[in-house]
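Everything on this sheet refers to the single structure shown next.
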Amino acid sequence: KNQVEQSPQSLIILEGKNCTLQCNYTVSPFSNLRWYKQDTGRGPVSLTIMTFSENTKSNGRYTATLDADTKQSSLHITASQLSDSASYICVVTLYSGAGSYQLTFGKGTKLSVIP
Amino acid sequence: NAGVTQTPKFRVLKTGQSMTLLCAQDMNHEYMYWYRQDPGMGLRLIHYSVGEGTTAKGEVPDGYNVSRLKKQNFLLGLESAAPSQTSVYFCASGFRGLNEQFFGPGTRLTVL
């Protein structure tokens, strides 16, 4: 069964510190991997999208890495801000044939940044 | 551009009642999706559409119906609501399955 596992489930860090969130997946064949940020009470917003041939992608203070061999991805947040408090969701897309794609969502990591 | 909008934002139903959730997008996207999000679980796909007049089942379609009569709108219907359908519902849209999906703000539905 295709799965996406994220760790940790939750994380509390001090403002200004860095942190790294993990995503392990078993989805195959893999098409792309996405990281989304979801603020409380809002819809998810895309941070990065990586294909299997990319191993890093940045979006401001957010940097995602991908190791397609070990099926692991990480999201690194630099110099955290209070506004980074949110859930971060890892999503893996697999091509299911005939022009169809299936997205498998992780349960997310809830990040709290405190002053 | 308003992006993806959802109506209503909140709703409380009694068991057995019916309702329709409306999703609208102004980005000319071909693909539209309905998800539900429950505590402790990842987003799960209910139904999706790859173009006007087309719909397909996702991972958890039972108890829901959808229609895509216009390219910009995607409706999600509950014919006979059950407490198990208490959830937050998100609509999303995108140009193709591999491309980025844009999410709406969500509808919080409670079924008593």
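The values are calculated or read from the model by the stated rules, or taken from the named source; none is laboratory data. In this text the structure is predicted, and so the values were computed from the model without any measurement. Please note: Cβ atoms are built from the backbone with ideal geometry, for glycine as well, and neighbour counts cover all protein chains shown. To get the accessible areas, we keep the full protein, side chains included, count just its heavy atoms, and leave off ligands, DNA and RNA. Shrake-Rupley method; radii C 1.70, N 1.55, O 1.52, S 1.80 Å.
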field: Positions within segment B:44-59 being closer than 14 Å to residue B:90 by Cβ, at the interface with chain A (Cβ under 9 Å from one of its Cβ atoms) and of a type in the set (A, V, I, L, M), in sequence order
entry: B:45
query: Taking segment A:73-115 on its own, how many of its residues are at pLDDT 95 or above and among the aliphatic types (A, V, I, L, M)?
result: 9
- prompt: Of the numbered conditions (1) at negative phi; (2) within 11 Å of chain A (Cβ to nearest Cβ), residue B:29 satisfies every one except a single condition; which is it?
  reply: (2)
query: Counting residues that are open to solvent by less than 60 Å² (accessible area, probe 1.4 Å), which strands (runs of 3 or more DSSP E) fully inside segment A:29-115 reach at least 2?
result: A:30-38, A:45-51, A:62-67, A:72-77, A:86-97, A:100-105, A:109-114
statement: Note on segment B:73-93: residues surrounded by fewer than 19 Cβ atoms within 10 Å (Cβ to Cβ) and over 13 Å from the mean Cα position of the chain (by Cα) are B:79, B:80, B:82, B:83, B:84, B:86
query: Out of segment B:34-65, which residues are open to solvent by less than 70 Å² (accessible area, probe 1.4 Å) and among the charged types (D, E, K, R)?
result: B:36, B:38, B:44
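Grab the strands (runs of 3 or more DSSP E) fully contained in segment B:15-112, keeping just those with 3 or more residues being under 19 Å from residue A:105 (Cβ atoms) and small (Gly, Ala, Ser). Give the derivation first.
Numbers: elements: B:19-25, B:31-37, B:44-49, B:65-67, B:73-78, B:87-94, B:107-111.
Per the criteria, B:87-94.
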task: Confirm whether residue B:99 is more than 19 Å from residue A:47 (Cα to Cα) and touching a strand residue (DSSP E or B) at 6+ places or on another chain (Cβ under 9 Å).
output: no
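Taking segment B:11-28, which residues are closer than 25 Å to residue A:46 by Cβ and in contact with a strand residue (DSSP E or B) (Cβ under 9 Å, 6 or more places away or on another chain)?
The initial filter retains those residues of segment B:11-28 that are closer than 25 Å to residue A:46 by Cβ, namely B:21-28.
B:21, B:22, B:23, B:24, B:25, B:26, B:27, listed by residue number.
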